[in-house]
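What follows is a single structure, written as structure tokens, with notes after it.
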Amino acid sequence: MMNFRTDLALERRDLYRKANNVANEINGLETEEEQLGETIKITRVKVLNQEGEQAIGKKQGNYITIDIKDLKIAEEEDIQKASEAVTKELRTLIGNLIQPQEDILVVGLGNLYVTPDALGPKVIQDIDITRHLLTYMPEVLEQGTRPVSAVSPGVLGTTGIETVEILKGIVDNVHPKLIIVIDALASRSIERISSTVQIADTGIVPGAGVGNQRKELTVDTLGIPVIAIGVPTVVEAATIAADSLNLFIQRLQEEAHSNEFLNQLQEEDKYQMIKEVLQPADYNFIVTPKEIDDLIENMSSVVARGINFATQK
């Protein structure tokens, strides 16, 4: 397995294929694609066995990537269409794991006061909470409403408690049958920053994409299924440099039409080369775009709406 700083299974698959000159599908993986209109593309990657796990560094299970174009300038209609795509995929995963009326706990990971890491807490603010209403005011809810509760447990640096320890206490006392975890991710592509949603039924390892790995939140550690919803909000400086160099080479090729050296340079993995230069000097920063505030607001709306409709009828 190669050392890819990305949380997205689809990116790991594509990078592995490129690095190992694999023309077809990787052994141990299945992939299918679906295009929804002009702006939304869904790619479903299924890791089938240990061979697939070793290739891309992801556990056996389903990884659904929803790419949304032009989210920086998204209107209300665009946000609604994206949330409907999230609802459809999430509802299928939920239906495969629990019964229609069983309790769900929604968990928003991250730090509300650090914008690139604020996705989880912001989503929690817009989740339709029903568990307490079913207990104290059932008459205000429709028949068959599912119990949903939510929590934003903060981060280890401010609580001193590992997230898995907090959630274990909640699971032992509240007894949900499923956890949905929302977290910010790291990507290998500038284009995917706050324009992609990954949904996985394998849980999550918080902070893995930025080298700050915490204890995993999975069925193995919590005793109940965990669905993870993530949105990339940061990339490495090496990624930006490599992508910028690609654009520079492309422009030169368009003007010169042919250049053996530039053709060769474009085919090589510039990311690893640039990373090796930046890392010893601690210059391989984790970077987020200047529009991150607006992007986080858009994506938190997409994810929250998707969860609200998927958890109820």
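The values are calculated or read from the model by the stated rules, or taken from the named source; none is laboratory data. Because the structure is a prediction, the values reported are computed rather than measured. All Cβ positions, glycine included, derive from the backbone under ideal geometry; neighbour counts span all protein chains shown. Areas reflect the complete protein model, heavy atoms only, side chains present, ligands, DNA and RNA absent. Shrake-Rupley method; radii C 1.70, N 1.55, O 1.52, S 1.80 Å.
I want to confirm something. Restricting to region 97-149 and keeping residues that are part of a helix (DSSP H, G or I), open to solvent by 70 Å² or more (accessible area, probe 1.4 Å) and touching a helix residue (DSSP H, G or I) at 6+ places or on another chain (Cβ under 9 Å), which single residue is nearest to Val171 (Cα to Cα)? Once the filter is applied, the top-ranked residue is Arg131. Would you confirm, using the coordinates I've provided, whether Gly223 is modelled with pLDDT of 95 or more and surrounded by fewer than 18 Cβ atoms within 10 Å (Cβ to Cβ)? So Gly223 passes the test.
Residues that are open to solvent by less than 40 Å² (accessible area, probe 1.4 Å), modelled with pLDDT of 95 or more, farther than 25 Å from Ser187 by Cα and assigned to a loop (DSSP other than H, G, I, E, B) do not occur anywhere in region 87-96.
Filter region 15-31 down to residues that are among the aliphatic types (A, V, I, L, M) and open to solvent by 50 Å² or more (accessible area, probe 1.4 Å), then give me how many there are. Full working, then the answer.
Filtering region 15-31 down to residues among the aliphatic types (A, V, I, L, M) leaves 15, 19, 22-23, 26, 29.
Now narrow it down to the ones that are open to solvent by 50 Å² or more (accessible area, probe 1.4 Å): 19, 23.
Summing the residues that are among the aliphatic types (A, V, I, L, M) and open to solvent by 50 Å² or more (accessible area, probe 1.4 Å) in region 15-31 gives 2.
Looking at region 154-187, which of its residues are of a type in the set (D, E, K, R) and outside any helix (DSSP H, G or I)? Residues satisfying the conditions are Glu162, Lys177, Asp183.
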